[in-house]
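Report on one structure; see the data block that follows.
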Amino acid sequence: VQLQASGGGLVQAGGSLRLSCAASESIFSFNVMGWYRQAPGMQRDLVATITSSGNTNYADSVKGRFTISRDNAKNTVSLQMNSLKPEDTAVYYCNAVRLGPHPNIYWGQGTLVTVSS
């Protein structure tokens, strides 16, 4: 499974970006998909996840500003980011998890988001 993330870029504080993650196969079987981010010198942290049934979970720092969605027909998961702050600057990675006796975890290559003040 390959995950291709796109949509990163440079934006001013208060602006918006939309990240997309395209999977090389149907995402219907992924129990959870999500976005994580890693700032320079920091660990990779959860941003948002969405289950196959549509339940979402967000980091406190992005609640009310970011929205995660998945489109099973297009095999994509997206992250709409509004009211961006300089502290949102990071490399964003998409993630897909298939649970079961032998769980599989897949990562995309990352896309850089830079928010200027």
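The values are calculated or read from the model by the stated rules, or taken from the named source; none is laboratory data. These figures come from a predicted structure and were not determined experimentally. Don't worry about glycine lacking a Cβ; one is built from the backbone with ideal geometry, like all the others, and counts go over all protein chains shown. Ligands, DNA and RNA are excluded from the accessible area calculation, which covers all protein heavy atoms including side chains. Shrake-Rupley method; radii C 1.70, N 1.55, O 1.52, S 1.80 Å.
Would you mind telling me which numbered condition in (1) under 14 Å from the mean Cα position of the chain (by Cα); (2) surrounded by 13 or more Cβ atoms within 10 Å (Cβ to Cβ) LYS85 fails?
Every condition holds for LYS85 apart from (1).
Based on what the data block shows, is ILE50 open to solvent by less than 40 Å² (accessible area, probe 1.4 Å), among the aliphatic types (A, V, I, L, M), more than 11 Å from the chain's Cα centre (by Cα) and within 11 Å of ALA96 (Cα to Cα)?
Answer is no for this residue.
Here is a yes/no grid of residues against (1) closer than 20 Å to SER117 by Cβ; (2) assigned to a loop (DSSP other than H, G, I, E, B):
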| position | (1), (2) |
| --- | --- |
| PHE30 | no, yes |
| GLY34 | no, no |
| ARG37 | yes, no |
| LEU46 | no, no |
| VAL91 | yes, no |
| ASN95 | no, no |
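Give me the residue from region 7-22 that is surrounded by fewer than 16 Cβ atoms within 10 Å (Cβ to Cβ) and under 22 Å from THR76 (Cα atoms) and, out of that set, nearest to the chain's Cα centre (by Cα).
ARG18
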